[in-house]
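Reading through the structure tokens given below for one structure.
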Amino acid sequence: MDFEYAIIGGGVVGLSIARGLSARGKRVAVFDGEDTDYRASRGNFGLIWVQSKGLQAPAYARWTRQSAALWRGFADELEAASGIDLALVQQGGWDFFFSEKSLHARASLYQGLADQLGERDDFEITDANKLKREEPAIGPQVVGALYGARDGHVNPLRLLQALGQTLQRSDSKYLTGCIVQSVRALASGFEINTANGPVRAQKVVLAAGLGAAILGPSLGFVAPVRPQRGQVIVTQKLSPFIRRPSGIIRQVDEGGVQIGDSNEEVGFDDSQQLSVMAKLAQRAVKVYPVLANASIVRSWSALRIMSPDGLPIYQESRLYPGAYLATCHSGITLAAAHTCLLPSWLEGEESAPRLEAFSEERFAL
Ligand SMILES: Cc1cc2nc3c(=O)[nH]c(=O)nc-3n(C[C@H](O)[C@H](O)[C@H](O)COP(=O)(O)OP(=O)(O)OC[C@H]3O[C@@H](n4cnc5c(N)ncnc54)[C@H](O)[C@@H]3O)c2cc1C
């Protein structure tokens, strides 16, 4: 057998899993496609985001919290191994509100989740005065915010680069521009077919993002993922004026302000739309009026990978044991869990996290 694991997809999900496996001494091959593929890992907002996650799904809330708690240690190790600064800042984040009513409605949802999880001090209602002290540049239209202490942000491109580099330096292989055309279950293990010929691996993890829907059926998965477009705009570099990130605005370590993001059901269309970007920009100026004077230097759109209920899917194939599907729409937030916890699930260890709530069989019901 050439490898113990073949991972199809070299986005943040595939590479995080590969890092965890290779740290355990497993020989892994990651196959990644072409630059023309849809690649959420290269177009996201870089948040490690806990508040608002799993409001209707406590298992997802727990999984997200576990990952957020692991992030600092995961980043320290990855930075030491790669020499790349991930620009991780995890000192809390904001959810801004323009009306008291919506703030308190949201807060009661958060309280409901905190009660279910048995967690105290999970979030904090921050009124306009306190918010102004914490974020002096905040505009008068913001009536308050919800503060989540576990939230943070990171440079997602450096994360990807660091994961890829450390994998290259190990016994494992990171094969870019290498599309998997088909996968076949053998009497023992799997055969992965690419234009460069077949490769054999004991186990296979399908982490191909939106590409999972194409290869999934040959491994016994439905892989019911759909695209959801998000647009992001970036300003010129500015002196630091935003202390904490929010789901819609963050200032990166290099000074630019990222403004996002939309949630558009437009199929496989990753074009940009001025009308959507204008709305994002207007909302950002309402939050931080100083942004009205900033120039926009870049913008893009990218496609999220959404399951029908928005939660991750982790599934071992019933038809072909040893084949796994892993996909989610919060691959940055969950990168630490995917590296530190998912390998023990793939290895079938007793201490593995319980992931039944994320089986794709939930959709059959
Ligand atoms: C606008 C936007 C903002 C976001 N913001 C955040 C955020 O703030 N925080 C957060 O946690 N998440 C965020 N996300 C989600 C996050 O980006 C994704 O969850 C994550 O990138 C998914 O990673 P992935 O590896 O599953 O998929 P991808 O990054 O899409 O990677 C899949 C890879 O599989 C490869 N592939 C496909 N088919 C094949 C094949 N047959 N053979 C070989 N390779 C193949 C492709 O080339 C690709 O590189 C955001 C997403 C978007 C679009």
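Among the candidates LEU365, LEU319, single out the residue that is more than 15 Å from the chain's Cα centre (by Cα), at pLDDT below 95 and on the phi < 0 side of the Ramachandran plot.
One residue alone meets the criteria, LEU365.
Examine the stretch 224-247 for a residue that is more than 12 Å from the ligand (Cβ to nearest atom) and under 20 Å from CYS328 (Cα atoms), and state whether such a residue exists.
yes
When you check VAL205 against the structure, is it over 15 Å from ARG184 (Cβ atoms) and more than 9 Å from the ligand (Cβ to nearest atom), yes or no?
It is true that VAL205 is over 15 Å from ARG184 (Cβ atoms) and more than 9 Å from the ligand (Cβ to nearest atom).
May I ask you to list the residues in the stretch 256-297 that are more than 13 Å from the ligand (Cβ to nearest atom) and part of a strand (DSSP E or B)?
Result: GLY256, VAL257, ILE296, VAL297.
Being within 11 Å of the ligand (Cβ to nearest atom) and part of a loop (DSSP other than H, G, I, E, B) is the filter here, so list the residues in the stretch 319-342 that pass it.
CYS328, HIS329, SER330, GLY331, ILE332, THR333, LEU334
Among the residues of the stretch 176-184, are any under 17 Å from ALA29 (Cα atoms) and either away from the ligand (no atom under 12 Å from the Cβ) or among the charged types (D, E, K, R) (or both)?
Yes: the stretch 176-184 contains one or more residues that are under 17 Å from ALA29 (Cα atoms) and either away from the ligand (no atom under 12 Å from the Cβ) or among the charged types (D, E, K, R) (or both).
Run down LEU78, LEU109, LEU86 and say which single residue is within 18 Å of VAL50 (Cα to Cα) and among the hydrophobic types (A, V, I, L, M, F, W, C).
LEU109
Within the stretch 215-244, how many residues turn out to be of a type outside the set (D, E, K, R), within 25 Å of GLY43 (Cβ to Cβ) and either under 21 Å from the mean Cα position of the chain (by Cα) or surrounded by 20 or more Cβ atoms within 10 Å (Cβ to Cβ) (or both)?
Within the stretch 215-244, residues that are of a type outside the set (D, E, K, R), within 25 Å of GLY43 (Cβ to Cβ) and either under 21 Å from the mean Cα position of the chain (by Cα) or surrounded by 20 or more Cβ atoms within 10 Å (Cβ to Cβ) (or both) number 15.
So that you can scan it fast, the table gives a plain yes or no per residue for (1) at pLDDT 95 or above; (2) within 30 Å of VAL205 (Cα to Cα); (3) touching a strand residue (DSSP E or B) at 6+ places or on another chain (Cβ under 6 Å):
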position: GLU264; (1), (2), (3): yes, yes, yes
position: GLY267; (1), (2), (3): yes, yes, no
position: ALA281; (1), (2), (3): yes, no, no
position: LEU311; (1), (2), (3): yes, yes, no
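Would you mind telling me which numbered condition in (1) among the polar types (S, T, N, Q); (2) over 19 Å from the mean Cα position of the chain (by Cα); (3) under 26 Å from SER41 (Cα atoms) GLN141 fails?
Looking at each condition in turn, GLN141 falls short on (3).
Within the stretch 168-177, can one find any residue that is surrounded by fewer than 17 Cβ atoms within 10 Å (Cβ to Cβ), part of a helix (DSSP H, G or I) and hydroxyl-bearing (Ser, Thr, Tyr)?
The answer is no; no qualifying residue exists.
In the stretch 38-91, what residues are within 22 Å of ASN263 (Cβ to Cβ), crowded, with 19+ Cβ neighbours inside 10 Å and more than 14 Å from the ligand (Cβ to nearest atom)?
The answer is ALA61, and nothing else.
Would you check if SER16 is among the polar types (S, T, N, Q), part of a loop (DSSP other than H, G, I, E, B) and either more than 6 Å from the ligand (Cβ to nearest atom) or within 23 Å of ARG354 (Cα to Cα) (or both)?
The answer is no for SER16.
I'm told ARG150 meets every condition in (1) more than 30 Å from VAL252 (Cβ to Cβ); (2) within 16 Å of the ligand (Cβ to nearest atom) except one. Can you identify the failing condition by its number?
In the conditions (1) more than 30 Å from VAL252 (Cβ to Cβ); (2) within 16 Å of the ligand (Cβ to nearest atom), ARG150 misses (1) alone.
The values are calculated or read from the model by the stated rules, or taken from the named source; none is laboratory data. Computed from a prediction, not measured in an experiment: that's the story for all the values here. Don't worry about glycine lacking a Cβ; one is built from the backbone with ideal geometry, like all the others, and counts go over all protein chains shown.
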